[in-house]
Amino acid sequence: MQIETTNQDSSKEKPATWAAPRPSAERNYPMNCWWVGAFSSEVGRELLGRWLLDTPVLFYRSEEGDVVALEDRCPHRAAPLSLGCLQGDEVQCGYHGFRFDRSGANTWVPSARTAVRSARIRAFPVIEKPPYVWVYLGDESVIDDVPPPPVLEWAEDDSFGMIKGRMEIKANYMLLKENVLDLTHFGYVHASTFKITDWVDLPEFTANDTTATYRQFFKESPLSPAYAVPLGLPPGIPYDRDNYGSFESPALQRGQVDFLDPKTNAVTGRFRVAHATTPINQNTMQYFWVLGRDHGRSPEELDAFSKFIQTGFEEDEAMIVAIQAAEDRKTSPVAPREVSVKMDTAGIQARRIVQKWMDRETG
Amino acid sequence: MQIETTNQDSSKEKPATWAAPRPSAERNYPMNCWWVGAFSSEVGRELLGRWLLDTPVLFYRSEEGDVVALEDRCPHRAAPLSLGCLQGDEVQCGYHGFRFDRSGANTWVPSARTAVRSARIRAFPVIEKPPYVWVYLGDESVIDDVPPPPVLEWAEDDSFGMIKGRMEIKANYMLLKENVLDLTHFGYVHASTFKITDWVDLPEFTANDTTATYRQFFKESPLSPAYAVPLGLPPGIPYDRDNYGSFESPALQRGQVDFLDPKTNAVTGRFRVAHATTPINQNTMQYFWVLGRDHGRSPEELDAFSKFIQTGFEEDEAMIVAIQAAEDRKTSPVAPREVSVKMDTAGIQARRIVQKWMDRETG
Amino acid sequence: MQIETTNQDSSKEKPATWAAPRPSAERNYPMNCWWVGAFSSEVGRELLGRWLLDTPVLFYRSEEGDVVALEDRCPHRAAPLSLGCLQGDEVQCGYHGFRFDRSGANTWVPSARTAVRSARIRAFPVIEKPPYVWVYLGDESVIDDVPPPPVLEWAEDDSFGMIKGRMEIKANYMLLKENVLDLTHFGYVHASTFKITDWVDLPEFTANDTTATYRQFFKESPLSPAYAVPLGLPPGIPYDRDNYGSFESPALQRGQVDFLDPKTNAVTGRFRVAHATTPINQNTMQYFWVLGRDHGRSPEELDAFSKFIQTGFEEDEAMIVAIQAAEDRKTSPVAPREVSVKMDTAGIQARRIVQKWMDRETG
């Protein structure tokens, strides 16, 4: 415990107590980026404490319904504020009763019978776009230069039914990014669940400075039961699929499938997925997934869909957790070589884009 | 495992195998200090092994009843001696049968059929002052310059009933020191248990080179049920309390409350508490608490008292463990600022006194 | 996660991705040594992944019955191959379907529709000598200079009944080596189980550059029930025992007892034990023990023997795990002195032999 005593009862304004965590050389995630901090549905009038980007963050909803994100650490004696309680729109520390408003300003120190201006905590910019609450934990002086959170149009489209889930996964967030950018893993990791085994050929890859994409058209390929049943089609029927995915920011990737009747070329169903991953620290992530489709939308169907997807995503989790665990055990100072093939194009482009985000911070 | 082979069957006397743990730059506890090692009631004819100040310590009681404290590590092959057994007043290693007397001298090596003088372990000075066993793990050449263990007069006063408990807390010992020196936490941490919510104003603080104190007089303040019931008074009755606390050494803090009839100014009850904390290592402590009062002393009342106090102290534990855990997660090389207010005066004075203890060791 | 991107679809041959783990200065086990990787009975047509010498190793048996040992890490995206499956004699990665033959060569990358020559993994030399599978994880360029695995003649002798077991022990492998080279521990660690308490005097020690041995003859010494009952003798009967043990390589120690009728000097029973220990990493080991005897060989007797031995070996485990745990807690930069006596002669000679193995690697 390092202790730095500052002036007692100081009243001159000071910078917030926050400092950038972990030197960038040791991390592979950018601070100056909008990340998903929580689902909208998780944030209410109960205090929610969560570590994101090696930073303790407190979420709650104001009486008017706005999401507030504050540094989850009392500047007095370092208690997590999430152990305290709300008093109106202010959070009161559970240790000695210091109070902070939604701007992070101290409004009351009981023993001082006044506010103490130096006892400021950081308030983090928040954008709520259901189902996601986006939060910005980086350098606020450059926030205007940072791309805004990607928008999920379909999430606001009433013709889509939606399911979602959160997983805390013991792996670096990039392991999941790469997982969903190389869909050949379907044929192995999910061979017995999703049963989508036709993903073998190279898709078309495109990339620019901010986005990496793949696109593949499956012509009259037998439809997996996972796709066919919600569409009301017999499993295995030859059907067309237009499959597209993109890395949109270090925080979000999206995927989509349009199903087309091979006779009419009409789109008969749309399937969408968003993979939001937020590093908790260098080897653990929060994974906020959302899936939507414009068919098979009854509550029973969506409930079965949710259980099914959860099973499949746990297969991904098992694989990337095993990779991370093995990497963590390595004692060799030499990083083993890594062999990439053309199918890794999107994943490698995503790494390069992340590196550009990192470079902008440190350069 | 670092291995240093010394002469086999060496018979020339050597210094004890003990070496000061952890460089002082990395710790915030002094070695050259009397610390509580155990409750008297914990030490008997069973071997008790316990890590204190990053040092393995073995306690037992001799046939005559004296407390013995030895290094809990056989100098032969590093087995914890506490896994062995007593043979009279000697401890016999459970691995190969080496025996040591209470001075730490080897008295028998079975395979050598003799004592091996180089196989000496350190014997630690001990002072038993029930309910505490104090132990000195530091540099014995300066022990005469080190203040003796503080005395709890009331602990030897038959008019007091006593309760006590030990908690192993995953937090640096100073977090508990500071906890009990800022009693405004009662109004938040213990709001629903102890219900002592009138501690808001600043007490009177005094400090010198060795002691930091606070004192507060509560005039006709409603008495918490926790205080009133044992005194046979109705909860909430306006009553006078003289509340005093002091940091006596890095090892011990004490607190006391005298209850006074506001009409007569007569002391009608005395309440005493001792907080002994001993670092296990830099982020874990043994907490030996003792409370006494000269009223409400029936076994039933003391039993209820004990359960009640345990509940309250677990509230403190939860708070300081959360603080320690958050500090341990921090990856930033920069220590966050800490904002102190006047109410922290005693806690900050305690830190300074501890620093003086540390400086004496290293200077 | 350190990432090194290499040429995509590279086709020029490259060295295997393996690199020596942990610099030798930090470890006390040689890489250039044959170690036991598994029992023969553990290796079949199911993939067996196991960390040995800080290296992930995959074992399986080919369709013809040969044991194959490969690096258990796909060079593509670092997935443990043991999470995949066998396709004939090839292993298929469970992540994206890369396949490797028993030489470690890549034979198929599904998305590339061809083999990718750069995606090579290391194949480790293996020698199967039941009950052991020996594996060589070191520098193959010097393998011819490395002593071959020791041979257990009695393990191939039909007149012996055999029991065996594997324990994963949280201690450095040398702690077990030293344990079985100083049998005075029988009188303390196993006093209530094996009840062999006559091992007090010094045995005869011999050592050369590769082997350290002890030998002790017990003349008409009361026979422990553990020895007497399988021989059909009354426990406690005065009997002769010729007790011999040797450190044969860093990987293996053996012990043997010949029982002799004190009247006739005839050998009436033979008892053999092999202690194979393989470091998982610096503070954990795999312990593969095998015991055999040419008497008391009925299935019931061997079953009871096995349970009995397991109980005794768990006593050893408890002791050395406690030693390792205490060593791991030490924060002092100074290694405590270690006092050795004549009985430690074989153990110290074993350390010196291990050091020679280490020196050969680094020099």
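Test residue C:166 against the criterion of being basic (Lys, Arg), under 13 Å from the mean Cα position of the chain (by Cα) and under 24 Å from residue C:68 (Cβ atoms), and give yes or no.
Details: basic (Lys, Arg): yes; under 13 Å from the mean Cα position of the chain (by Cα): yes; under 24 Å from residue C:68 (Cβ atoms): yes.
For residue C:166, the condition - basic (Lys, Arg), under 13 Å from the mean Cα position of the chain (by Cα) and under 24 Å from residue C:68 (Cβ atoms) - is met.
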Legend entry - Test result for residue A:289, under 28 Å from residue B:329 (Cβ atoms), open to solvent by less than 40 Å² (accessible area, probe 1.4 Å) and either assigned to a helix (DSSP H, G or I) or not assigned by TED's automatic domain parsing to the domain that holds residue A:176 (or both): no
Inset, instruction - Return only the number of the condition from (1) crowded, with 16+ Cβ neighbours inside 10 Å; (2) in a loop (DSSP other than H, G, I, E, B) that residue B:268 does not satisfy. - result: (2)
Legend entry - Failed condition for residue A:296, given (1) open to solvent by less than 20 Å² (accessible area, probe 1.4 Å); (2) on the phi < 0 side of the Ramachandran plot: (2)
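Can you say whether residue C:265 is of a type in the set (S, T, N, Q) and within 14 Å of chain B (Cβ to nearest Cβ), as far as the supplied structure shows? So that I can check it myself, show each step before the final result.
Details: of a type in the set (S, T, N, Q): yes; within 14 Å of chain B (Cβ to nearest Cβ): no.
No.
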Inset, instruction - State whether one or more residues within segment C:96-111 are more than 18 Å from residue C:43 (Cβ to Cβ) and in contact (Cβ under 8 Å) with a residue 60 or more places away in the chain. - result: no
Inset, instruction - List the number of the failed condition for residue A:140; all other conditions in (1) more than 16 Å from the chain's Cα centre (by Cα); (2) touching a residue at least 12 places away in the same chain (Cβ under 8 Å); (3) under 24 Å from residue A:218 (Cβ atoms) hold. - result: (3)
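Considering each of B:304, B:226, B:326, B:322 in turn, give the residue that is free of Cβ contacts under 8 Å to residues at least 12 places away in the same chain and touching a Lys or Arg at 6+ places or on another chain (Cβ under 8 Å).
Working: B:304 fails: touching a Lys or Arg at 6+ places or on another chain (Cβ under 8 Å); B:226 fails: free of Cβ contacts under 8 Å to residues at least 12 places away in the same chain; B:322 fails: touching a Lys or Arg at 6+ places or on another chain (Cβ under 8 Å).
Every option except B:326 fails the conditions.
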Legend entry - In segment B:352-363, the residues that are outside any loop (DSSP other than H, G, I, E, B) and open to solvent by 30 Å² or more (accessible area, probe 1.4 Å): B:352, B:355, B:356, B:359, B:360, B:361, B:362
Inset, instruction - Tally the residues that are open to solvent by less than 60 Å² (accessible area, probe 1.4 Å) and in a helix (DSSP H, G or I), restricting the search to segment A:211-252. - result: 6
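Could you list, in sequence order, the residues of segment C:29-52 that are farther than 19 Å from residue C:128 by Cβ, buried (at least 24 other Cβ atoms within 10 Å of the Cβ) and in contact with a strand residue (DSSP E or B) (Cβ under 7 Å, 6 or more places away or on another chain)?
Filtering segment C:29-52 for residues farther than 19 Å from residue C:128 by Cβ gives C:29-32, C:51.
From the residues that got through so far, the ones that are buried (at least 24 other Cβ atoms within 10 Å of the Cβ) too are C:29-30.
Passing the criteria: only C:29.
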Inset, instruction - Scan segment C:207-238 for residues that are under 23 Å from the mean Cα position of the chain (by Cα) and of a type outside the set (Asp, Glu) and jot them down. - result: C:207, C:208, C:210, C:211, C:212, C:213, C:214, C:215
Inset, instruction - Those residues that are among the polar types (S, T, N, Q) and crowded, with 19+ Cβ neighbours inside 10 Å, I need them from segment B:146-173; list them, please. - result: B:172
Legend entry - Subset of segment C:116-145 (residues that are surrounded by 18 or more Cβ atoms within 10 Å (Cβ to Cβ) and among the aliphatic types (A, V, I, L, M)): C:116, C:119, C:121, C:123, C:126, C:133, C:135, C:137
Inset, instruction - Select, from C:187, C:161, C:165, C:232, the only residue that is at pLDDT 95 or above and closer than 26 Å to residue B:79 by Cα. - result: C:165
Inset, instruction - Name every residue in segment C:300-359 that is more than 24 Å from residue C:167 (Cβ to Cβ), facing chain B (nearest Cβ under 9 Å) and not charged (D, E, K, R), in order of residue number. - result: C:331, C:332, C:333, C:334, C:335, C:336, C:339, C:340, C:341, C:343, C:345, C:348
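Residues are listed down the side, and each one gets a yes or a no for (1) more than 8 Å from every other protein chain (Cβ to nearest Cβ); (2) at pLDDT 95 or above; (3) under 16 Å from residue B:37 (Cβ atoms); (4) open to solvent by less than 30 Å² (accessible area, probe 1.4 Å):
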residue: B:83; (1), (2), (3), (4): no, yes, no, no
residue: B:89; (1), (2), (3), (4): yes, yes, no, no
residue: B:99; (1), (2), (3), (4): yes, yes, no, no
residue: B:105; (1), (2), (3), (4): yes, yes, no, yes
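Taking segment B:239-282 only, how many residues are within 30 Å of residue C:326 (Cα to Cα) and over 12 Å from the mean Cα position of the chain (by Cα)? So that I can check it myself, show each step before the final result.
Pass one, segment B:239-282, residues within 30 Å of residue C:326 (Cα to Cα): B:249-252, B:275-282.
Those left that are additionally over 12 Å from the mean Cα position of the chain (by Cα): B:281-282.
Residues meeting the conditions: 2.
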Legend entry - Out of A:53, A:70, A:48, sole residue that is on the phi > 0 side of the Ramachandran plot and within 20 Å of the chain's Cα centre (by Cα): A:53
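The values are calculated or read from the model by the stated rules, or taken from the named source; none is laboratory data. Being a predicted model, the structure only gives us computed values, none of them experimental. Backbone-built Cβ (ideal geometry, glycine too); neighbour counts: all protein chains shown. Side chains included, ligands, DNA and RNA excluded: accessible areas come from the protein's heavy atoms. Shrake-Rupley method; radii C 1.70, N 1.55, O 1.52, S 1.80 Å.
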